[in-house]
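Read the structure below first, then the notes.
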Amino acid sequence: MQPHDTSMKAPPFAYIKAKTLAEVFELLETHGDGARLLAGGQSLLAALNLRLSSPKILIDITGIPGLAGIIVENGRVTIGALTTHAEVERSTHIAKHLPLLAQAAPHIAHVAIRNVGTFGGSIALADPAAEWPACCLALDADFVIAGKTGSRKVKAREFFQALYTTAIGSAEVLTAIEIPLPAATSRSAFVELTRRRGDYAIVGVAAMANNAEGVLSDVQLAFLGMDQTPVLATTAMAAIEGKRLSPAVINAAAQALANDLDPSGDTYSTPATKLHLARVITGRALRTLSALNA
């Protein structure tokens, strides 16, 4: 690297630590596309240093009260957007009520990143290879989005729109994630394949189903790393719905994935390889869902 080479340094930007959401809305309205929100910063800071992002101003929202924490009430679990990955991983509420999140959390990067990165930040970034978006899709989560005129809720199926693109408006902030409590007969499984522990997944699946004496219903199979957004494998889900697991059912679901998933190749895997791996992990997830003592 030559002296004074700035290729791995962030471009100049202004910084402000907001104290209220009202202040954030005003700043976003004023600066438009030139503004970026700073929460955990684990993806944003890397993008800044690589000059993949060049904001005019960073708006730090970490000091705003009421945006973190995990609450169980009124038949749902509410996770504040600034709740860290580690807090989700360690939460007894999550372990009891939303074990899918507890199963997925250890797969997220490394401990140092989980200690700082935020649940809401991962959702808002909408990386298709990230764990939380697929989990929220499988759990039928609602995303609470606040703006100057009030808050609204968007279903996970409508939230993820394209690569790194969500339903959050330019002057809005994701404040919380609301997830309905699963039924007592609900089972969950999270499986992903990576080249190395902590890497982004080559492919992963967040799976949910009700298990009534071995018969699976309300099956949800949400895949990560397979498209520009997390994907619900609706055809494969239908092949399993209302059935008791057997080799024939697993095979039918695996074959149906070709109708649901259209992966692109990458540096390490061809589309055919990714589809094969998706079929492998689907079988693993289904066997976990079908176990009565899971």
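In straight-distance terms, cross-link reach from Lys96 covers every one of the aspartates and glutamates whose alpha-carbon lies under 18 Å from its own, apart from those fewer than eight places away in the same chain; here that gives Glu73, Glu87, Asp140, Glu178.
Considering only protein heavy atoms and a 1.4 Å probe, what is the carbon-and-sulfur percentage of the accessible area of the stretch 181-294?
Here carbon and sulfur together make up 51 percent of the probe-accessible area.
Where is the GNM fluctuation largest for the chain (alpha-carbon springs, 10 angstrom cutoff): Asn115, Asn210, Asn259? Greatest mean-square fluctuation among the candidates belongs to Asn259.
In the chain, the longest principal axis of the Cα atoms and the axis of helix 247-260 are about 40 degrees apart.
Could you pull out the longest piece of the chain with no exposed loop GluC sites (Glu not before Pro) in it, calling a site exposed if DSSP puts it outside H, G, I, E, B and it has at most 16 other Cβ atoms within 10 Å?
Working: sites that count: Glu213, Glu241.
It works out to 1-212.
Give Lys9/Lys56; Lys56/Lys153; Lys17/Lys153; Lys19/Lys148 a once-over and call out the pairs whose C-alpha atoms are over 23 Å from each other. Show your work: numbers first, answer last.
On the way: Lys9/Lys56 15 Å; Lys56/Lys153 29 Å; Lys17/Lys153 26 Å; Lys19/Lys148 15 Å.
Violating the 23 Å limit, Cα to Cα: Lys56/Lys153; Lys17/Lys153.
Site pair Asn259 and Arg157 shows an inter-label distance of 1.6 nm when each label is modelled 7 Å from Cα along Cα→Cβ.
Look at the alpha carbon pairs under 8 Å that are at least 6 residues apart: their mean separation over the length of the chain gives a relative contact order of 14 percent. Using a probe radius of 1.4 Å on heavy atoms only, what accessible surface per residue do you get for the stretch 169-274? Whole Å² is fine. Accessible area per residue: 43 Å².
Based on the Cβ-Cβ distance from Arg244 to Ala112, what FRET efficiency comes out when R0 is 41 Å, to the nearest 0.05?
In this case the efficiency is close to 0.40.
Karplus-based coupling profile of the stretch 204-209, in residue order and whole Hz: x, 9, 9, 10, 9, 6, with θ = phi - 60° in 6.51 cos²θ - 1.76 cosθ + 1.60 and x standing for Gly or Pro. Carbon and sulfur together cover what percent of the accessible area of the stretch 95-153 at a 1.4 Å probe radius? Its accessible area is 60 percent carbon and sulfur atoms.
Let me know the charge dipole size of the chain about its Cα centre in debye, to the nearest 20, where only the beta-carbon of Lys, Arg (+1) and Asp, Glu (-1) is charged. Working shown, then result.
On the way: 25 positive and 25 negative charges, 108 e Å.
It comes to approximately 520 debye.
Give the residue list of trypsin sites (Lys or Arg not before Pro) in the stretch 172-237 that are DSSP loop and have at most 16 other beta-carbon atoms within 10 angstrom.
Arg195, Arg196, Arg197
With K and R counted +1 and D and E -1, the other residues having a Cβ less than 13 Å from that of Glu213 yield a net charge of +3.
The values are calculated or read from the model by the stated rules, or taken from the named source; none is laboratory data. Since this is a predicted model, take the numbers as computed values, not measurements. Note: ideal-geometry Cβ built from the backbone for every residue, glycine included; neighbour counts use all protein chains shown. Keep in mind that these areas ignore ligands, DNA and RNA; they rest on the heavy atoms of the full protein, side chains included. Shrake-Rupley method; radii C 1.70, N 1.55, O 1.52, S 1.80 Å.
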